[in-house]
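Okay, so here's the structure we're looking at.
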Amino acid sequence: MVTLAAAEVADEQAATPAKTAAAQDTPTSPEATDSKLPPADEVLNQARSRLESLDSLQCDLQQMAVFGGIKLIAAGKYTEASGNRVHLIYRIYPMSAIRSDDARQNALDAAAPDLKPEDNRGELLQVSDGSVVHTTWKNGENVRVTRRNLKDILDAASSVSGYDANNVAMDLGVGGLRALVSRLQAAMVFAPVKVVKAGERSLLEVSGRWSDRVRREVFGLPEGTFVDSRPFVPEYVRVYVDSETMLLRRIQFLKHSADPAQKLARPLLTLDLRNLKVNEPVDESIFSFTPPENAREEDQTESVINAIKASVAPAAVEEPKTQKP
């Protein structure tokens, strides 16, 4: 059986411990830390500001998930424009076993794999015109279409005490990359920034781990537990930002070895952005959704609103009954 050993060995040097107490055990790259580099939060803030300043962003996306000695690749195109307008199409390809050269092919400067659209096993399409989010899943002959009214959900979330309405767009997949970065900043503690090379480009590498609060409240880990025994739950993230353009190049989630003393981490999920185009003309028609023929549309607006309300509803406490004397 093919295992993740090759990926782990290739990643061993990149999994050395960080130098700060706040980010202890965070895997870092082999490049030496430059004391002149900005702190992690500043790098991520600059990356978010860069995205927010754009009228449009278009790129090729590739996502690779690795679990149980198997890899699953999805690839497609992403377009984001002002006003929460998003067009994302992902094609999901057959699972395959991990190979000995996968670590090399997963390098920052590696070329995109040669994937043929006709070989895909499923397709995800998400379209937002800024008001309504439509999602279509295709798996063979099975087609599922959902609809969520973004404005109604945002309005409802804003009226719920204790709920961060800024999370809604991210949760619905239309907050864009800047919302994803913002969520990482709120959930993680970071090591010092490092510089790594991807071909001729210099990238800023930001490494982080989940905060104690997130490990406790989100993942339900006992106090003092660092490595989650669940194989699909990552401990680390690495974000790579082009030092010249301040645009995102890669977001990678990693799994620590079950033995904390080993200082080993392997990629679980890697999201690569390639062929980025900024502020170039966008075909406005791609933000208009046309449902597949004979597909039934499922409106999820009310269920999303109910889920938001339930997420902050206080647990019912039964008043103790007193007996009359």
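The values are calculated or read from the model by the stated rules, or taken from the named source; none is laboratory data. Being a predicted model, the structure only gives us computed values, none of them experimental. A quick note on method: Cβ atoms are made from the backbone with ideal geometry, for glycine too, and the neighbour counts reach across all protein chains shown.
Of note:
- Qualifying residue in the range 91-101 (condition: surrounded by fewer than 18 Cβ atoms within 10 Å (Cβ to Cβ), among the aromatic types (F, W, Y) and at pLDDT 85 or above): no
- Residue under evaluation S182, criteria (1) over 20 Å from V278 (Cβ atoms); (2) surrounded by fewer than 23 Cβ atoms within 10 Å (Cβ to Cβ); (3) touching a helix residue (DSSP H, G or I) at 6+ places or on another chain (Cβ under 8 Å); (4) at pLDDT 85 or above, criterion not met: (1)
- Of everything listed in (1) modelled with pLDDT under 80; (2) surrounded by fewer than 16 Cβ atoms within 10 Å (Cβ to Cβ); (3) outside any loop (DSSP other than H, G, I, E, B), the single unmet condition for V195 is (1).
- Per the listing E200, E205, the residue uniquely more than 19 Å from the chain's Cα centre (by Cα) and of a type in the set (D, E) is E200.
- Across the range 214-233, the qualifying residues are those that are in contact (Cβ under 8 Å) with a residue 24 or more places away in the chain and out of contact with any His (no Cβ under 8 Å at 6 or more places or on another chain), and the one among them that is surrounded by the most Cβ atoms within 10 Å (Cβ to Cβ) is V214.
- Some residue of the range 240-249 being under 16 Å from L57 (Cα atoms), surrounded by fewer than 18 Cβ atoms within 10 Å (Cβ to Cβ) and without any contact (Cβ under 8 Å) to a residue 60 or more places away in the chain: no
- Beta carbons closer than 6 Å, at least 6 apart along the sequence or on distinct chains, pair a first residue in the range 285-313 that is at pLDDT 90 or above with a second that is part of a helix (DSSP H, G or I) for T301/D152.
- Looking only at residues in the range 230-267 that are of a type in the set (A, V, I, L, M, F, W, C) and in a strand (DSSP E or B), the one that is modelled with the lowest pLDDT is A265.
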